[in-house]
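Structure first, then comments.
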Amino acid sequence: MILKAQIAFLIAVTSLAPAKVDFAHEVLPILKENCAKCHTNGKYKGGLSLDTREALLDSETVEPGDSQNSLLIQVLTAKDEDERMPHDADPLPADSIATLAKWVNEGLAWEKGFTFKRKTWKAPLGHQKVDLPGPEGGNPIDRIAAAYFEKNRVQPPAPISDARFLRRVSLDLVGLLPLKSELENFVTSDLAEKREAKIKQILSRDLDYADHWMTFWNDLLRNDYAGTGFIDGGRRQITGWLYLSLKENKPYDQFVRELLNPTAESEGFIKGIKWRGNVNASQVPEIQFAQNVSQIFFGENMKCASCHDSFINNWKLEDAYGMAAIIAGKPLEMYRCDKPTGEKMDAKFLFHELGPIDKSLSRGDRLKRVAELATTEGNGRLARTIVNRLWARLMGRGLVEPVDMMSNRPWSEDMLDYLAWDFAKNGYNLKRTLSIIVSSRTYQSVTVIASKSGEGFVFEGPSGKRMTAEQFIDAVWGITKTAPGKIDAKVERESEKARVVRASLVKSTLLMRALGRPNREQVVTTRPADLTTLQALELNNGREFVNYLNRGATKLVDEKERIETLYLEALSRLPSSLEKQVAREILGARVTPESAADFLWAILMLPEFQFIN
């Protein structure tokens with residue numbers, strides 16, 4: 001029998017392990033085998049629910065970071081058999097308790113979107129046409145949102161000002177702050193449809209649009225300008241093809257077909273990364289193909305199923321290897337937990353109901369076939385996944401969350417179905433869908449903090465978003481006039497000397513990485529939004545950021561209306577009288593480069609600057 005006094009010993013032993021506990025592979029199997037039957041899916045003995053992380057925290061049985069004072073761990077090690085859990089069963093092995101204790105101490109990590117609750121709703125595969133509610137005319141998003149608000153007794157959010165709208169839509173569509181002159185002209189314009197005209201004008205800036213959306217697609221497609229694999233040929237860029245595709249607003253179905261059945265310019269995506277040395281079976285290029293295609297284009301997490309039948313969704317090992325065999329061009333032997341099974345799997349598309357893949361086809365013809373299946377008219381999942389990603393990018397939260405678990409139920413089936421249907425019906429035009437969203441009153445509303453999250457989420461309006469690393473750097477470069485002289489990305493931008501260098505087109509720096517730019521060795525669909533210690537340090541005294549401030553300050557010293565100018569450039573508004581007073585105190589009676597740098601820093605650290613609200 002395990003004694004309660006052994007908890008500290010178990011924690012001490014597990015703390016020696018350098019790697020953090022893996023929820024899906026270490027914690028989840030223990031909970032499923034020993035706890036789930038009494039504490040999940042509607043059966044919650046003792047008031048304890050393990051359905052979700054939120055439910056577990058609400059039960060007040062765990063103290064994240066403190067397993068010794070967590071009732072969950074205490075009852076597992078209780079000396080009294082009447083108190084010890086699980087009831088009517090053998091005590092948990094010491095190593096299992098140690099794993100759970102370490103999990104609690106590390107903060108109770110949870111697979112995003114996972115729940116023990118059985119799903120009663122099944123995501124449709126085909127397109128679903130929606131009968132729009134409400135009176136005829138108007139933006140379809142607003143018609144669906146109005147019916148949703150009424151049904152859920154939500155007060156629609158208030159509209160935003162012209163200045164706030166221009167700042168938001170400019171950052172969202174092309175990643176740049178509006179120029180001072182642009183802002184003044186827009187705010188003073190008395191045109192009736194000026195917002196619609198401005199959206200059209202911004203989206204017509206093809207190079208600015210491509211510059212900005214390179215960040216989004218580089219993250220998704222694991223494309224970068226330097227990093228693991230590029231030197232020894234184990235990885236290949238698709239930069240030129242990707243940039244041109246964005247600049248031309250290539251139809252998304254064609255975009256996907258050219259990635260899955262690639263040309264020489266786009267084949268870097270399916271080649272994946274050939275890691276140096278020995279890697280486990282779930283990291284070889286063929287399995288990377290299965291994981292990446294499933295996640296990026298269909299919103300399905302296949303990483304767990306690449307090692308064994310998934311713990312977090314319904315995908316099986318056979319599903320992952322069926323997709324992997326497509327690019328292998330031959331049947332693949334399956335490995336379960338990195339051990340060969342002796343069984344082989346031939347090519348099979350993820351959604352097999354859309355059609356088979358002939359086993360006799362060559363590798364090239366298999367890729368052609370999978371490109372057809374991915375973009376066939378009956379595959380509504382392709383459209384649903386990308387419009388959900390665009391909605392999340394613009395609104396701060398997806399219609400489905402997490403965005404890589406598209407089998408989850410959206411908060412509005414009508415909204416997702418309509419946008420996906422309209423997207424496919426109108427030639428898979430990404431700019432059109434972006435325009436529909438940002439033209440809606442729903443988008444052009446004040447941001448809100450949702451009163452409910454998780455399964456109980458109710459949409460009450462758009463959420464604020466932190467600038468990406470690239471948006472922040474571009475804004476700083478624009479305000480301080482400190483952009484570098486050339487880009488690293490090998491792309492055609494017409495007259496390069498006349499173009500402003502954008503952060504999305506240069507190699508990552510320490511400051512960018514601190515602000516959340518990933519190394520892109522893995523697919524990244526959502527960057528962390530929380531402030532980190534590293535970010536705080538870099539924004540306080542990091543060499544790169546301080547250099548921008550100091551160089552920008554020398555220019556600010558000579559600016560006559562420096563306070564008003566900086567507020568307009570950074571925040572798209574004039575300062576209040578109190579803000580002017582505080583600014584003058586910071587700058588001092590005689591403005592110096594040092595006081596100007598302090599003033600710059602104070603403005604750039606404002607949440608109002610760093611957030612898109």
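The values are calculated or read from the model by the stated rules, or taken from the named source; none is laboratory data. A quick note: this is a predicted structure, and the numbers were derived from the prediction, not measured. Note: ideal-geometry Cβ built from the backbone for every residue, glycine included; neighbour counts use all protein chains shown. Accessible surface areas use protein heavy atoms only, side chains included; no ligands, DNA or RNA. Shrake-Rupley method; radii C 1.70, N 1.55, O 1.52, S 1.80 Å.
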Practice item. Would you check if Ala55 is among the hydrophobic types (A, V, I, L, M, F, W, C), without any contact (Cβ under 8 Å) to a residue 24 or more places away in the chain and closer than 21 Å to Glu401 by Cα? Key: yes
Practice item. Give the residues of segment 63-83 that are open to solvent by 40 Å² or more (accessible area, probe 1.4 Å), assigned to a loop (DSSP other than H, G, I, E, B) and not charged (D, E, K, R), sorted by residue number. Key: Pro64, Gly65
**Study point:** helices (runs of 4 or more DSSP H) within segment 358-440 that include 1 or more residues touching a Pro at 6+ places or on another chain (Cβ under 6 Å), under 23 Å from Asn314 (Cα atoms) and in contact (Cβ under 8 Å) with a residue 24 or more places away in the chain
**Key:** 413-425
Practice item. Find the residue count for segment 480-499, including only residues that are open to solvent by 80 Å² or more (accessible area, probe 1.4 Å) and in contact (Cβ under 8 Å) with a residue 24 or more places away in the chain. Key: 4
Review point. Looking at (1) polar (S, T, N, Q); (2) open to solvent by less than 70 Å² (accessible area, probe 1.4 Å); (3) within 20 Å of Ala475 (Cβ to Cβ), which is the one condition that is false for Thr592?
Key: (3)
Check your understanding: Glu60 passes all but one of (1) within 23 Å of His25 (Cα to Cα); (2) part of a loop (DSSP other than H, G, I, E, B); (3) within 38 Å of the chain's Cα centre (by Cα); which number fails?
Key -> (1)
Check your understanding: For Arg573, all conditions in the list (1) more than 30 Å from the chain's Cα centre (by Cα); (2) touching a residue at least 60 places away in the same chain (Cβ under 8 Å) hold save one; what is the number of the exception?
Key -> (1)
**Study point:** Residue among Ala469, Ala475, Ala503 that is closer than 26 Å to Pro607 by Cβ and out of contact with any Leu (no Cβ under 9 Å at 6 or more places or on another chain)
**Key:** Ala503
Exercise for review: Tell me which of these Glu564 doesn't satisfy, since it passes every other one: (1) open to solvent by less than 60 Å² (accessible area, probe 1.4 Å); (2) on the phi > 0 side of the Ramachandran plot.
Suggested key: (2)
Review point. Of all residues in segment 147-162, which are under 27 Å from the mean Cα position of the chain (by Cα) and part of a helix (DSSP H, G or I)?
Key: Tyr148, Phe149
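Would you check if Asn301 is within 21 Å of Ser407 (Cα to Cα), in contact with a Pro (Cβ under 9 Å, 6 or more places away or on another chain) and of a type in the set (S, T, N, Q)? First the steps, then the outcome.
Working: within 21 Å of Ser407 (Cα to Cα): yes; in contact with a Pro (Cβ under 9 Å, 6 or more places away or on another chain): yes; of a type in the set (S, T, N, Q): yes.
Here the answer is yes, as Asn301 does meet what is asked.
When residues of segment 470-515 are filtered for being in a loop (DSSP other than H, G, I, E, B), within 23 Å of Asn223 (Cα to Cα) and of a type outside the set (A, V, I, L, M), how many remain? Give the steps one after another, and end with the answer.
Applying the first criterion (in a loop (DSSP other than H, G, I, E, B)) to segment 470-515 yields 481-495, 499-502, 506-509, 515.
From what is left, the residues that are within 23 Å of Asn223 (Cα to Cα) are 483-494, 499-502, 506-509, 515.
Adding the requirement that they be of a type outside the set (A, V, I, L, M) leaves 484-486, 488, 490, 492-494, 499, 502, 507-509.
Number of matching residues: 13.
Within segment 322-338, does at least one residue satisfy the condition of being under 26 Å from the mean Cα position of the chain (by Cα), more than 30 Å from Ala529 (Cα to Cα) and of a type in the set (Ser, Thr, Tyr)? Explain how you work it out, then say what you get.
Filtering segment 322-338 down to residues under 26 Å from the mean Cα position of the chain (by Cα) leaves 323-324.
From what is left, the residues that are more than 30 Å from Ala529 (Cα to Cα) are 323-324.
Applying the additional criterion that residues be of a type in the set (Ser, Thr, Tyr) yields none.
No, every residue in segment 322-338 fails to be under 26 Å from the mean Cα position of the chain (by Cα), more than 30 Å from Ala529 (Cα to Cα) and of a type in the set (Ser, Thr, Tyr).
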Exercise for review: Filter segment 100-121 down to residues that are under 25 Å from Ser67 (Cβ atoms) and basic (Lys, Arg) and give me whichever is least open to solvent (accessible area, probe 1.4 Å).
Suggested key: Lys102
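Would you point out which residue out of Ala192, Ala210, Ala197 is in a helix (DSSP H, G or I) and without any contact (Cβ under 8 Å) to a residue 12 or more places away in the chain?
Working: Ala192 fails: in a helix (DSSP H, G or I); Ala210 fails: without any contact (Cβ under 8 Å) to a residue 12 or more places away in the chain.
Being in a helix (DSSP H, G or I) and without any contact (Cβ under 8 Å) to a residue 12 or more places away in the chain holds for just one of Ala192, Ala210, Ala197, which is Ala197.
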Practice item. Go through (1) crowded, with 18+ Cβ neighbours inside 10 Å; (2) over 26 Å from Arg409 (Cα atoms); (3) of a type in the set (D, E, K, R) and name the single condition Arg384 misses. Key: (2)
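Within the group Ser440, Ser453, Ser504, which residue is of a type outside the set (A, V, I, L, M) and open to solvent by 10 Å² or more (accessible area, probe 1.4 Å)? So that I can check it myself, show each step before the final result.
Numbers: Ser440 fails: open to solvent by 10 Å² or more (accessible area, probe 1.4 Å); Ser504 fails: open to solvent by 10 Å² or more (accessible area, probe 1.4 Å).
Just a single option satisfies the conditions, and that option is Ser453.
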**Study point:** Residues within segment 579-607 that are out of contact with any helix residue (DSSP H, G or I) (no Cβ under 8 Å at 6 or more places or on another chain) and closer than 26 Å to Arg466 by Cα, tallied
**Key:** 2
**Study point:** Filter pass, Leu177 being open to solvent by less than 40 Å² (accessible area, probe 1.4 Å) and under 22 Å from Leu604 (Cβ atoms)
**Key:** yes
Review point. Only one of (1) in contact with a Lys or Arg (Cβ under 9 Å, 6 or more places away or on another chain); (2) at pLDDT 95 or above; (3) assigned to a helix (DSSP H, G or I) fails for Glu455. Which number is that?
Key: (2)
Revision key, fill the gap. Pairing a residue in segment 255-274 that is buried (at least 19 other Cβ atoms within 10 Å of the Cβ) with any residue that is acidic (Asp, Glu), where Cβ atoms lie under 8 Å and the two sit 6 or more apart in sequence or on different chains, gives Arg257/Glu372; Ser266/Glu258; Ile273/Glu521
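Answer yes or no as to whether Asn613 is in contact with a Lys or Arg (Cβ under 9 Å, 6 or more places away or on another chain), of a type outside the set (Asp, Glu) and surrounded by 14 or more Cβ atoms within 10 Å (Cβ to Cβ).
Working: in contact with a Lys or Arg (Cβ under 9 Å, 6 or more places away or on another chain): yes; of a type outside the set (Asp, Glu): yes; surrounded by 14 or more Cβ atoms within 10 Å (Cβ to Cβ): yes.
It is true that Asn613 is in contact with a Lys or Arg (Cβ under 9 Å, 6 or more places away or on another chain), of a type outside the set (Asp, Glu) and surrounded by 14 or more Cβ atoms within 10 Å (Cβ to Cβ).
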Exercise for review: Check segment 120-128 and report whether any residue there is part of a loop (DSSP other than H, G, I, E, B), on the phi < 0 side of the Ramachandran plot and small (Gly, Ala, Ser).
Suggested key: yes
Study note, to complete from the structure: All-but-one check, Ala392 against (1) closer than 25 Å to Leu220 by Cβ; (2) open to solvent by less than 10 Å² (accessible area, probe 1.4 Å), failing number (2)
